[in-house]
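The values are calculated or read from the model by the stated rules, or taken from the named source; none is laboratory data. What you see is a predicted model, and the numbers here were worked out from it, not measured in a lab. Note: ideal-geometry Cβ built from the backbone for every residue, glycine included; neighbour counts use all protein chains shown.
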Amino acid sequence: MLALLLAMMLGPANSTTLVRGTVRASDDGTPLAAALVEVVGEVSRVRTDSAGVYALQLAGAGTFHLRVSRLGYVPRTLDVVVGSAPLSVDVVLTPQPYPLSELTVRSTAKWPATGSDRDPIWAEPGLRAISGSDLHANPALASADVLQSLAALGNVGAVPELMSTLHVRGGSSDQNLVMVDGIPVYNLYHGGGTLTAINPDAVSSATLHGAVPAPQFGGALSSVVEMRTDDSRPSRLTASGAMDQSGIRQTVAAPLPWSGGSLLLSARRSLSELYPVGDGQPRSTAYADALGKATVRLGRGHLELLALGSSDRLAFESLVVHQSSTAIDNQWPAPPSAQNKFQWSTGTQGIVWSVDDSTQRWQLRAWHSSFAGTSTWARTSSPIRLTNDWSSAGVGGLTSWTWSGTDFMAGADAERIHDGYRIAADPLTPLDTSQTVFAMSTQVPLVSVFVQARRELARRWTLVAGARQPVGGSSWRLVEPRVAMQFRASSRLLLSAGFARMHQQSQSLRNEESLLDGIVGVSLPVTASRGGAPVGRSDQLALSADARFGGVNLQLDGYARKLDGLLLVAPATAQPFGVGAYEIGSGLARGVGISATHHGEHLVWSVGYSMENTTRRSGPTSYDPMFGISRTLSASAGLRVDPQTTLRIAGWGASGRPSSVGLGAFDWTPSPMLHGAGNLAGSPQQLAGALGGARLPAYWRVDVGVRHEWRPTLLAPDGMVAASLGVINVFDRTNTAALVQATAGASRQAIGLAPRSLVLGLEWRY
């Protein structure tokens, strides 16, 4: 950091000057890759990368004639006056049709397998993608986060300011499959509002399959989130990082000395331990995550080695006083209350070998994913201790080819899942003996095959049909048909419809109706077994329309989903997790969402609105889950007032938020600087009234911020330092997170969300 500050004061260290910027299309703001940027009459030239970014070295200061060109666009020539400091020049090119002679083409296109590779013509309703540059330029967020960016899309939701979970189309938090570079990762969540347990600087793209995912994806009722880490091949050591209210992060990329390989290392941790707690409360909260990836060429393809992990810790006063076995009646002072403690961690290792050419694609992968969670919970009757572990070891492969005008994909996966879930009485003194209250243990082998075909039925119609089928036993009952039809009404309008059936073997004993759910953010998996937990099933019908007009992208989604075989904790207990019983139920969800986005040279904005109706049912009990918000509205805009300064404004609104009213002492004062639990105390474990029986007041919030960049060149020609300042909840709106009653018959009290506050951030790249 000291070197970066010196770089800003000392300025350039050589006689060259850097000109950099982004080249975009004028009609829709799309970044243009492979555009040629050159100095007229000189040899200085460079092409833009996949994000439309270029960096051109010029010999000294002066006036230069800069020419930017790309096939299919009108070339532009600009007079650029540069001094000793780096200069940012963004260029917009106007489309120009390029006449070609008549050609007869027979397609041998590869089958794209990941969201970052998918072409928009592939018929998948509900497919939404975010690039790495869009992730960091999202004006809705003060700090980049993958899953929070996806939560701003239509029919995707998260409890406002309590984003410890992601809910897609009426699904629960455990019903999302997260894939990182083709490897499944379980519980990729942090608690306390820092949602995604992966450094955003390491992510190059994120894709949400919310409706009809390809049959290669299995084991999730709600959605599939694909993340790709940085695939660039750096020619030198590069680094980027940031520090803000949520923590500090650093990413390093470097070339490997053999096979054109590369190495990516990334780490992040919270800063909450550095802040005073206040009021003397014995609270501890922290998180950390790390990622490493090595890529080398092997044979005809590339070999990727991936390892990542994360950990979280949260502890707070329970406000429940327990007498020890040696305590004397009417003892004074009373023994102190116990602490509630939550800890969880996840680790994943994987290897992927892929071959991708013009006619065929192969991919082989192997992985091991694990999760471990523990909790000490101060129940009113007696404290209990939870231990939960889950692991999956598997191999898989797929291939794709084209035959007789039809694109095919086929493959298979095999994995073994092991989990254990145990509730024990927590000893009050060393003389007490722990006793098991509730236990489950499962070890299940799963083998599935899948196939999918795509064919152009007519000039404007495309059909994609496939299925996923488990192997063995009565697995024919678990077949997953998936079909989607697409109609290209015009060059600007695309209509899609589809149906998908999905099954999920591992569900969660987390209680999403608990007051702590938005703070803790941990799934507690148990796997289906004979006579035990059920296999969940989801049937969804989805419709979507995508339109593009004058640089504005419009997206309309509608869906109806029926869920069966759900493992429900809330109807059985008000504790934050299952403590001895659960119920098997069903669910219904339907909704519609519309969004509009624009990515211009100087202005970026988005608007989204959604309506949703979500219910859960178990026997005679029916309730609206707390995450099933009836209506949501979001809007954000980012304005670049000069090449180095950007202003942002964002607003959110929500109405019809269900809530279960907690009974018992509970206190929570959010702390925006901690970006997490704040001052927290209490053990809510009973309800006053019915599940989801209350409605919270309407929620709305407006944030503003400014970001400014400096371009020091002492350490690197493309070095960057940026500072940001934001105001959260500008109008100091008093929003409600939940409702509680201290005792039976007492009046309800509102648990408030964050008041107006400042947030600061610092970023660097060299």
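Can you tell me how many residues in region 358-392 are of a type in the set (Val, Ile, Thr), within 23 Å of PHE316 (Cα to Cα) and more than 27 Å from the chain's Cα centre (by Cα)?
Residues that pass the stated criteria total 3.
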Quiz prompt | Meets criteria (among the aliphatic types (A, V, I, L, M), closer than 28 Å to ALA378 by Cα and surrounded by fewer than 21 Cβ atoms within 10 Å (Cβ to Cβ)) for ALA744 | solution = yes
Exercise. Output the number of the condition that ARG711 fails; it satisfies all remaining conditions of (1) at pLDDT 85 or above; (2) among the basic types (Lys, Arg); (3) under 30 Å from LEU237 (Cα atoms).
Key: (1)
Quiz item: Hey, among VAL526, VAL552, VAL607, VAL592, which residue is more than 28 Å from GLU124 (Cβ to Cβ) and β-branched (Val, Ile, Thr)?
Solution: VAL526
Practice problem: Give me a count of the residues in region 628-650 that are surrounded by fewer than 22 Cβ atoms within 10 Å (Cβ to Cβ), of a type in the set (Ser, Thr, Tyr) and assigned to a strand (DSSP E or B). | Solution: 4
Quiz item: Do any residues in region 391-408 that are not assigned by TED's automatic domain parsing to the domain that holds ASP356 have Cβ atoms under 7 Å from those of residues that are surrounded by 15 or more Cβ atoms within 10 Å (Cβ to Cβ) and among the acidic types (Asp, Glu), where the two are at least six apart or on different chains, and which pairs are they?
Solution: none
Quiz item: Got a sec? Which strands (runs of 3 or more DSSP E) wholly within region 229-272 have at least 2 residues that are more than 19 Å from LEU141 (Cα to Cα) and free of Cβ contacts under 8 Å to residues at least 60 places away in the same chain?
Solution: 247-255, 262-269
Quiz item: Can you find a residue in region 470-486 that is in contact (Cβ under 8 Å) with a residue 40 or more places away in the chain and either at positive phi or of a type in the set (Phe, Trp, Tyr) (or both)?
Solution: no
Exercise. Return the total of residues in region 511-532 being surrounded by 23 or more Cβ atoms within 10 Å (Cβ to Cβ) and farther than 25 Å from ALA197 by Cβ.
Key: 0
Exercise. Within region 262-306, track down each residue that is small (Gly, Ala, Ser), out of contact with any Lys or Arg (no Cβ under 8 Å at 6 or more places or on another chain), within 30 Å of VAL520 (Cα to Cα) and at pLDDT 80 or above.
Key: SER270, GLY292
Quiz item: Does region 669-677 contain any residue that is assigned to a strand (DSSP E or B), out of contact with any Ser or Thr (no Cβ under 6 Å at 6 or more places or on another chain) and over 23 Å from SER538 (Cα atoms)?
Solution: yes
Quiz item: From the set of residues in region 40-76 that are under 16 Å from ASP90 (Cβ atoms) and in contact with a Phe, Trp or Tyr (Cβ under 6 Å, 6 or more places away or on another chain), which is surrounded by the most Cβ atoms within 10 Å (Cβ to Cβ)?
Solution: THR48
Quiz item: Taking only pairs six or more apart or across chains, which ones have beta-carbon atoms under 7 Å, a first residue in region 723-735 that is in contact (Cβ under 8 Å) with a residue 40 or more places away in the chain and within 13 Å of GLY653 (Cα to Cα), and a second residue that is crowded, with 16+ Cβ neighbours inside 10 Å and charged (D, E, K, R)?
Solution: ASN735/ARG701
Exercise. Give region 393-409 a look and list any residue that's modelled with pLDDT under 95 and in contact with a Ser or Thr (Cβ under 9 Å, 6 or more places away or on another chain), or say none.
Key: TRP401, THR402, GLY405, ASP407, PHE408, MET409
Practice problem: Report whether or not SER235 is on the phi > 0 side of the Ramachandran plot and at pLDDT below 90. | Solution: no
